[in-house]
Structures are given as structure tokens and as C-alpha cells.
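A.B. asks: I'd like to ask you about the structure that follows.
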Amino acid sequence: MKRFEHKTIVVTGGGGGIGGATCLRFGKEGARVAVFDLNLEAAEKVAAQIRADGGVAQALKCDITDRASVDAAVAATEAQLGPIDVLVNNAGWDVFKPFTKTEPAQWDKLIAVNLTGALHMHHAVLPGMASRKAGRIVNIASDAARVGSSGEAVYAACKGGLVSFSKTVAREHARHGITVNVVCPGPTDTALFAEYKEGAGNPEKLMEAFTRSIPLGRIGQPGDLPGAILFFASEDAAFVTGQVLSVSGGLTMNG
Ligand SMILES: NC(=O)c1ccc[n+]([C@@H]2O[C@H](COP(=O)([O-])OP(=O)(O)OC[C@H]3O[C@@H](n4cnc5c(N)ncnc54)[C@H](O)[C@@H]3O)[C@@H](O)[C@H]2O)c1
């Protein structure tokens, strides 16, 4: 029996780099996967690949910043794939500029995608999990939440907020058999990271600096993340909640 057989999984930003790799791994491990993304075409590609590999998947257009869109996608998932067992809040977005060069309108969008979006998802999914007395939530933050990151002040603030929000919800819902944990990627080779490199002005120099400062000697690949995410989503992590794990080649080492 596969680890996630008969489990319904939602991954936001499932059409992207880390989200796509996570959806594919869940599909291989027997889950029914709901691939949520603002970019429906990207979500469709991931869902089609899961189905081609013999799995069950559905792509859903969802803008996590819009509560009506979240509610519609959650309802459609539950109608098509059954009650949600696992929620992975992975969708994210960033602009890369020193804080004093950013504008309040950008802060609003950063907060909407990186913090409020995850709140909408929790608010939509938690009541059902609580009534079933079971559920797993895995939130994708960032090492920027733990140690800061130049050019990402508001993003880091949102991810730091997501970490403390996760710990609080973990406490509130432990009695309902729901666990909430956080995975913090470090620099990982995705579309988001490509924008970061461009924003930094000298992509080659930045790559050299990262490669030098990451003890395991390379930046991450999307496929480095699903192992930790699926662990927190699995029965093996039944007694683990409110925890934060960096998957960043040792870039940060937190006690
Ligand atoms: N790549 C890195 O270096 C890195 C480092 C630390 C943390 N992270 C985090 O990992 C997560 C995944 O990022 P990635 O690197 O795979 O990026 P990505 O750009 O490849 O994927 C992000 C996905 O989120 C989707 N998305 C954006 N706004 C959305 C919205 N409002 N509603 C629904 N979907 C939306 C995008 O369409 C995209 O498919 C993000 O939370 C990001 O902050 C990434």
C-alpha cells in the first residue's frame, strides 16, 4: 500500500517549481492531488503528468489572495476528490529590492500572496479537518524567515509571520488531531529564484556566493523539497507539530 493512498492533498502554487515537484511526488505515492494555481495552464501540465504516471489529479484555478476563489476551489476539490486530508501552502511571490526602494502597493501584494493567502487557505480548510479530527498542514516559508535576506524585507516579514502563525494554529488544533509544520527552502532553482538572481543585478556573482556559502556546495533543486514536505504530511510525523525545518543544504543551521 502506498503512503498516501485514499488521501486527498491540496498543494497551492502546484504549477510552480517546488509545488510541481511536490504534487508529482504525492501522485507517485498514491494520493489524489488537487493542483491549485493562479496559472491554470501550469497546474494542468502537472495534473496531466500525474495522470500519465497512473495517478489521480485535478488542476484548479485558484487565486489564494481572493477568498471567494479559495472557497470555490476547496468546494470543487471536495466534490471531485473527497475531503481534504493534507494542505500544503506553497504558493509564493516576491520582488527583490532594498526595502527603502519598495512602495506600499508592493507591500500590499506581497502580504496578500505570502501571508493572507495562506490564512484564507487555513480558514477554508481547518473547520472540515477539525470536524473529522484529522489533518496535516505543511506551510512553505523560507530561510529568509529565520535569518533575513537582503532585498526581501517584506517577503521575509510575511514568511516570519507564517512561521509564528503556524505554531499558533498548531497549538489551537492539536486537540483536533491536526498537525501544522513548516518547511523553509533555501535558494532553490525555480522561476522565483531566477527573478531573484536578475533582481540582484549580477546573477553569476550571486550564484558563486551562494555556492560558496552553502555547506553542501550547491543551490537546491525543486526535487530536494518533497521529501521533507511528505514526511510532515505522513503518518510518520503524527507526533510532530509546530516545527520548522530548513531544506537548504545547511545554509542556515538553527537549534
Ligand atoms: N525558490 C526559492 O529559492 C525559494 C526559497 C525560499 C522559499 N521559497 C518558497 O517556495 C514556494 C514555492 O516557490 P517556487 O520557488 O517554487 O516558485 P515558483 O514561482 O516556481 O512557483 C510559485 C507558484 O505560485 C503560484 N502563485 C503565485 N501567486 C499565486 C496566487 N495568488 N494564487 C495561487 N497561486 C499563486 C505561481 O503561479 C507559481 O506557479 C514559495 O512559497 C516561495 O516563497 C522559494
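A.B. asks: Output the helices (runs of 4 or more DSSP H) that fall wholly within the stretch 165-255 and possess 1 or more residues being acidic (Asp, Glu), or say none. So that I can check it myself, show each step before the final result.
C.D. replies: On the way: elements: 191-199, 203-213, 226-233.
In the stretch 165-255, the matching helices (runs of 4 or more DSSP H) lie at 191-199, 203-213.
A.B. asks: For the stretch 54-63, name all the residues that are closer than 16 Å to GLN80 by Cα and either within 16 Å of the ligand (Cβ to nearest atom) or modelled with pLDDT under 95 (or both).
C.D. replies: First, the residues of the stretch 54-63 that are closer than 16 Å to GLN80 by Cα: 55-62.
Within the stretch 54-63, ALA57, GLN58, ALA59, LEU60, LYS61, CYS62 meet the criteria.
A.B. asks: Scan the stretch 179-189 and tell me whether some residue there is surrounded by fewer than 13 Cβ atoms within 10 Å (Cβ to Cβ) and either away from the ligand (no atom under 13 Å from the Cβ) or among the acidic types (Asp, Glu) (or both).
C.D. replies: Within the stretch 179-189, the first condition is being surrounded by fewer than 13 Cβ atoms within 10 Å (Cβ to Cβ), and the residues that meet it are none.
Looking through the stretch 179-189, none of the residues is surrounded by fewer than 13 Cβ atoms within 10 Å (Cβ to Cβ) and either away from the ligand (no atom under 13 Å from the Cβ) or among the acidic types (Asp, Glu) (or both).
A.B. asks: Residues of the stretch 141-192 being out of contact with any Ser or Thr (no Cβ under 8 Å at 6 or more places or on another chain) and among the aromatic types (Phe, Trp, Tyr), which ones?
C.D. replies: Of everything in the stretch 141-192, just one residue is out of contact with any Ser or Thr (no Cβ under 8 Å at 6 or more places or on another chain) and among the aromatic types (Phe, Trp, Tyr), namely PHE165.
A.B. asks: Scan the stretch 204-240 residue by residue and report those that are away from the ligand (no atom under 13 Å from the Cβ), over 30 Å from ASP85 (Cβ atoms) and either in contact with a helix residue (DSSP H, G or I) (Cβ under 9 Å, 6 or more places away or on another chain) or acidic (Asp, Glu) (or both). Steps first, answer last, please.
C.D. replies: Initially, the stretch 204-240 is screened for residues away from the ligand (no atom under 13 Å from the Cβ), giving 204-205, 208-209, 211-213, 215-217, 227, 230-240.
Checking which are over 30 Å from ASP85 (Cβ atoms) leaves us with 204-205, 208-209, 211-213, 215-217.
Within the stretch 204-240, GLU204, GLU208, GLY217 meet the criteria.
A.B. asks: So, one more: Would you check if ALA194 is under 30 Å from THR211 (Cα atoms), free of Cβ contacts under 8 Å to residues at least 24 places away in the same chain and not polar (S, T, N, Q)?
C.D. replies: On the way: under 30 Å from THR211 (Cα atoms): yes; free of Cβ contacts under 8 Å to residues at least 24 places away in the same chain: yes; not polar (S, T, N, Q): yes.
Yes: the conditions hold for ALA194.
A.B. asks: While we're looking at this one, here's another question. So which residues in the stretch 165-196 are farther than 19 Å from VAL125 by Cα, out of contact with any Leu (no Cβ under 9 Å at 6 or more places or on another chain) and not β-branched (Val, Ile, Thr), if there are any at all? Give the steps one after another, and end with the answer.
C.D. replies: Initially, the stretch 165-196 is screened for residues farther than 19 Å from VAL125 by Cα, giving 183-196.
Still in the list and also out of contact with any Leu (no Cβ under 9 Å at 6 or more places or on another chain): 189-195.
Matches in the stretch 165-196: ASP189, ALA191, LEU192, PHE193, ALA194, GLU195.
A.B. asks: With more than 10 Å from the ligand (Cβ to nearest atom), touching a helix residue (DSSP H, G or I) at 6+ places or on another chain (Cβ under 7 Å), of a type outside the set (A, V, I, L, M) and modelled with pLDDT of 95 or more as the only criterion, which of ARG3, ARG51, ARG25 stands out?
C.D. replies: Numbers: ARG3 fails: touching a helix residue (DSSP H, G or I) at 6+ places or on another chain (Cβ under 7 Å); ARG51 fails: touching a helix residue (DSSP H, G or I) at 6+ places or on another chain (Cβ under 7 Å).
Answer to the check: ARG25.
A.B. asks: I need the full set of residues from the stretch 131-153 which are more than 12 Å from the ligand (Cβ to nearest atom) and touching a residue at least 24 places away in the same chain (Cβ under 8 Å), in order please. Explain how you work it out, then say what you get.
C.D. replies: Start the filter on the stretch 131-153 by keeping residues that are more than 12 Å from the ligand (Cβ to nearest atom), which leaves 131-137, 148, 150-151, 153.
Answer for the stretch 131-153, where residues must be more than 12 Å from the ligand (Cβ to nearest atom) and touching a residue at least 24 places away in the same chain (Cβ under 8 Å): ARG132, LYS133, ALA134, GLY135, ARG136, ILE137, SER150, GLY151, ALA153.
The values are calculated or read from the model by the stated rules, or taken from the named source; none is laboratory data. What you see is a predicted model; the values in this text were computed from it and never measured. Glycine also receives a Cβ, built like all others from the backbone with ideal geometry; neighbour counts cover every protein chain displayed.
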